[in-house]
Amino acid sequence: MPLEDILRKIEEKAAQIKEEILTAAKAEAESKLKDAAQRGSALGTGILEQAYQEAAQIESIAVSRAEMQKKQMLLEAKQAVISQVFDEALKELRDMHSEEYKELLIDWISHRADGTEEVIISELEKEILGEDFIAVANQRLKEMGKRGNLTVAYSPEYLGGGLILRRDKVLDNLTFPAILRFMKEDLEVEIATMLFKETQEGESVS
């Protein structure tokens with residue numbers, strides 16, 4: 001379903017939820033006002049004024065709840081779309097031509113390695129990357145003024161594409177799933193912050 005259709009359905013559902021919340025809040029507020037009016041006739045106008053304030057507060061809270069639920073629904077929809085986009089991105093990365101894939105990994109190594117690490121790649125990709133993969137990576141590092149003493153280890157498990165750099169006990173996870181997961185988490189946080197910014201500001205003011 002296109003994003004526009006998802007958002008339209010959310011708007012419709014949010015409007016329905018908002019109406020239900022406001023109706024319940026209005027009924028509660030009217031009940032308080034009615035009760036206050038009955039007591040106020042005997043005790044003066046103070047109770048009635050307090051009831052009006054409580055009624056206004058109830059409606060304000062109801063509106064905030066409705067808006068919060070709407071934003072939560074929007075967030076969940078956008079997260080679903082983000083997941084779909086990143087799943088497609090992962091598939092495209094895995095479908096790269098072997099030479100393009102090899103060059104991408106060597107480029108990552110040249111930017112992240114100092115030349116003394118162990119490069120861990122999937123056993124399944126040994127043939128795709130070629131026997132000269134580490135030699136080419138080491139040569140690239142030397143051309144950049146770094147050490148060219150990388151070694152290679154093959155993981156029997158499929159890493160999902162990409163590689164892992166190991167420096168002693170420190171692992172630098174440059175596999176496709178890990179990189180996309182970090183990007184996805186950052187994007188989801190950014191979207192959540194954007195959607196709930198007004199609510200957070202309102203809470204800080206109150």
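The values are calculated or read from the model by the stated rules, or taken from the named source; none is laboratory data. Note that the coordinates shown come from a computational prediction; the quantities given were computed from them, not determined experimentally. Heads up, the Cβs are rebuilt from the backbone with ideal geometry, glycines too, and the neighbour counts pull from every protein chain shown.
It is to be established whether one or more residues within the range 73-91 are modelled with pLDDT under 65 and β-branched (Val, Ile, Thr).
no
Taking the range 95-125 only, how many residues are surrounded by 13 or more Cβ atoms within 10 Å (Cβ to Cβ) and more than 15 Å from residue 140 (Cβ to Cβ)?
Summing the residues that are surrounded by 13 or more Cβ atoms within 10 Å (Cβ to Cβ) and more than 15 Å from residue 140 (Cβ to Cβ) in the range 95-125 gives 9.
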